[in-house]
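The values are calculated or read from the model by the stated rules, or taken from the named source; none is laboratory data. Keep in mind that this is a model prediction, so the values were computed, not measured. Cβ placement follows ideal geometry from the backbone for every residue including glycine, while neighbour counts extend to all protein chains displayed. To get the accessible areas, we keep the full protein, side chains included, count just its heavy atoms, and leave off ligands, DNA and RNA. Shrake-Rupley method; radii C 1.70, N 1.55, O 1.52, S 1.80 Å.
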Amino acid sequence: MWLKSLMRNKYRYISWIIGFILFVGPFAIIMRIYYYLAGILREPDLHMACFRMPIDWIFSGRIYYIFSYPEMFLFIFAVLITSLILGPVFCGWLCPVGAFSEAISRIIPLPNKYRIQIKDPKITRAIRYGFLTGFIMISILILLGFSERFTAICCWYCASSVLQQIINGIINPIELEYWFSGSIIVLIFWLIIGGIFTVGGRGWCLFFCPLGALSGIFHKIGSKLGFYRTIRIEGKCSNCDKCISVCPMQAIDSNFSIERTLCINCKECISRCPNKLYKMIWRNKNASSKIN
Amino acid sequence: MKKTILISFVITMLITLFSSVYAKDLSKSEIVHFWIAVPAGNITEPITIIKAGLPPIKMAPLVIDLDQRGIFKKILNPNTEAISTHWIYNIGKKPIRIKLELIEANYPIRWEVKAAWPYDPETHTFTKPLPPGMGIPKLSIDWIFEIPNYYMDEKVIYDGGLLVIDADTNELLTFIPIKLIRGGISQGGGASCCG
């Protein structure tokens, strides 16, 4: 049963591995290519395609970092534009941070009844955007001169750094010797609470990723413009609730409505629905569906 | 329902703001980040260097009180501590080949250096001269103190400093005193590691 549940949507496993090779050191192919073309000597790692710092820099008035780290701004820009057109496919198919916690969640066969599940996606959305608002407010407070009391939280609570540290530690165990409070807290929230003990294993993505939250907004705008999105069509439903239980983002509510700002177009609902009631569409803005 | 949604939003926002305040407090005693300007002489008190074309560079002797670290750190990983920099700027008038030396302790201090600038890990020297008015690009240096148990009971766990030297002339350009202590007040660190 458990092994069978692992076999769903096999292409995502392949894309996770590709995402891992593209972004995580020692491979970090994307940054390696960029560094090669730009003549930069540094060894690339996941931290150099930071998902958070450019967002903080923009709102804290430090956009001049675009000259020092143009690749980070380009990366975020690419993720957001992709989210607009194809949905948050980076989150669903490539992001190594989300893939790692989701994979851990799948591997550990803990029944969903022992895991955190927020039944109403509107509450999940409120938490997600409460975090994003707080994240942006910190940057603005720093801009306004409150830097003696507040600090940017991008690096202090950084799941990318922790993931890279774990991988570095597999290669060279000495790298696992140093942990600070922020990285310990991240490990607990990202892999244990958000991974093992959250339905879908993406608690970190849902509640603590500003890029994921922004991608959700772009996806919502994109879906209104008629770009790629997952919808549920009218049809005979066997009420098995598989779509709800396999959605890694807890984006489907009990009425089978999809919360657009949470959906990452991962196609888990499409692959699991026995009645084929979910599908991805393009353009057809007025398709008969339950979508928000 | 709307009330629940609003409460969820506000509580998460407040938790996020609190997490920033918590991080700010801990950043004075855990993985303390600091700025380096060369040449700046012996840093005996907090100074801010303002140079055209460079961000304000705040420097101070570092005093890190290990007792002020976070609860998770104290319980789960107390025997290591780190200091870190992402910023070394040449504020002088000539190009400098920068060499770094950390006054040693009676236990290992591990260097982790990454930079988009040629670096020799054997001699801790940036082998290409750094032009005036420029910082070492994409720099990340962590010094990790692996403190044995029996040192953790001492009042002073490390009393040394970082020497920044001109590798061509061996002239001392900048000296930043660094102390790791138990009990007291952390000073001099707390720069935001996010730039």
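Structural remarks
- Theoretical FRET efficiency, 1/(1+(r/R0)^6), r = Cβ-Cβ of B:ASP67 and B:VAL21, R0 22 Å, to 0.05: 0.70
- Heavy-atom accessible surface of the range A:11-80, averaged per residue, reaches 48 Å², computed with a 1.4 Å probe.
- Taking amide H as placed 1.01 Å from N in the peptide plane, A:ARG229 has its amide H under 5 Å from the amide H of A:ILE281, each at least 5 places away in sequence or on another chain.
- Computed on the Cα trace of the range A:2-224, the radius of gyration divided by the Kirkwood hydrodynamic radius gives Rg/Rh = 0.96.
- Remark: the range B:31-181 carries a charge dipole of roughly 660 debye about the Cα centre, counting +1 on each Lys and Arg Cβ and -1 on each Asp and Glu Cβ.
- Total accessible area lost when A and B pair, probe 1.4 Å, Å² to nearest 100: 4000
- Exposure ranking of A:PHE59, A:PHE20, A:PHE131, A:PHE77 by accessible area [1.4 Å probe, largest first]: A:PHE77, A:PHE59, A:PHE20, A:PHE131
- When B:LEU180, A:LEU74 are compared by accessible area at a 1.4 angstrom probe, the order from most to least is A:LEU74, B:LEU180.
- Accessible surface, per residue, of the range B:31-181 when the full set of protein chains is kept, probe 1.4 Å, Å²: 44
- The accessible surface of the range B:31-181, taken with every protein chain in place and a 1.4 Å probe, is 55 percent carbon and sulfur.
- Sequence of A:ASP241, B:ASP159 from largest to smallest accessible area, 1.4 Å probe: B:ASP159, A:ASP241
- Three semi-axes of the equivalent ellipsoid, the range A:22-111, Cα gyration tensor, whole Å, largest first: 26, 17, 13
- Applying the criteria of a DSSP loop state and at most 12 other Cβ atoms within 10 Å to the chymotrypsin sites (Phe, Trp or Tyr not before Pro) of the range A:176-258 yields no site.
- Shape of the range B:67-162, Cα gyration tensor, a/c cut at 1.5: prolate
- Gain on full extension, evaluated as 0.36 nm per residue between A:ILE104 and A:GLU148 minus their Cα-Cα distance, stands at 12.0 nm.
- Efficiency of FRET between B:ASN149 and A:ILE166 - r from beta-carbon atoms, R0 30 angstrom, step 0.05: 0.70
- Loop-located GluC sites (Glu not before Pro) across the range B:73-161 with a Cβ neighbour count of 16 or fewer within 10 Å are B:GLU104, B:GLU122, B:GLU154, with loop assigned by DSSP.
- DSSP loop trypsin sites (Lys or Arg not before Pro) with at most 15 other Cβ within 10 Å excluded, longest remaining stretch of chain B: B:94-154
- Accessible surface, the range A:102-210, averaged per residue in Å² (probe 1.4 Å): 38
- Among the listed pairs B:LYS58/B:LYS138; A:LYS119/A:LYS236; B:LYS28/B:LYS128; B:LYS73/B:LYS114; A:LYS224/A:LYS276; A:LYS113/B:LYS73, those with a Cα-Cα distance over 27 Å are B:LYS28/B:LYS128; A:LYS113/B:LYS73.
- Using only side-chain charges placed at the Cβ, +1 for Lys and Arg and -1 for Asp and Glu, the dipole size of chain A relative to its Cα centre rounds to 1500 debye.
- Where trypsin sites (Lys or Arg not before Pro) in DSSP loops with at most 14 other Cβ within 10 Å are excluded, longest remaining stretch of chain A: A:1-118
- For the range B:97-120 versus the range A:150-170, the gap between their alpha-carbon centres in whole angstrom: 21
- Anchor B:LYS3: aspartates and glutamates whose Cα lies under 15 Å away (excluding residues fewer than 8 positions away in-chain): A:ASP120
- Overall shape: oblate for chain B, with the ratio a/c of the largest to smallest alpha carbon gyration tensor axis at 1.5 or above and b/c at least equal to a/b.
- Each listed q (0.06, 0.08 Å⁻¹) maps to a log10 I(q)/I(0) for the protein assembly as shown, found by the Debye formula over equal Cα scatterers with no solvent: -0.30, -0.53.
- Virtual spin-label span in nm between A:LYS113 and B:ILE11, 7 Å along Cα→Cβ: 2.5
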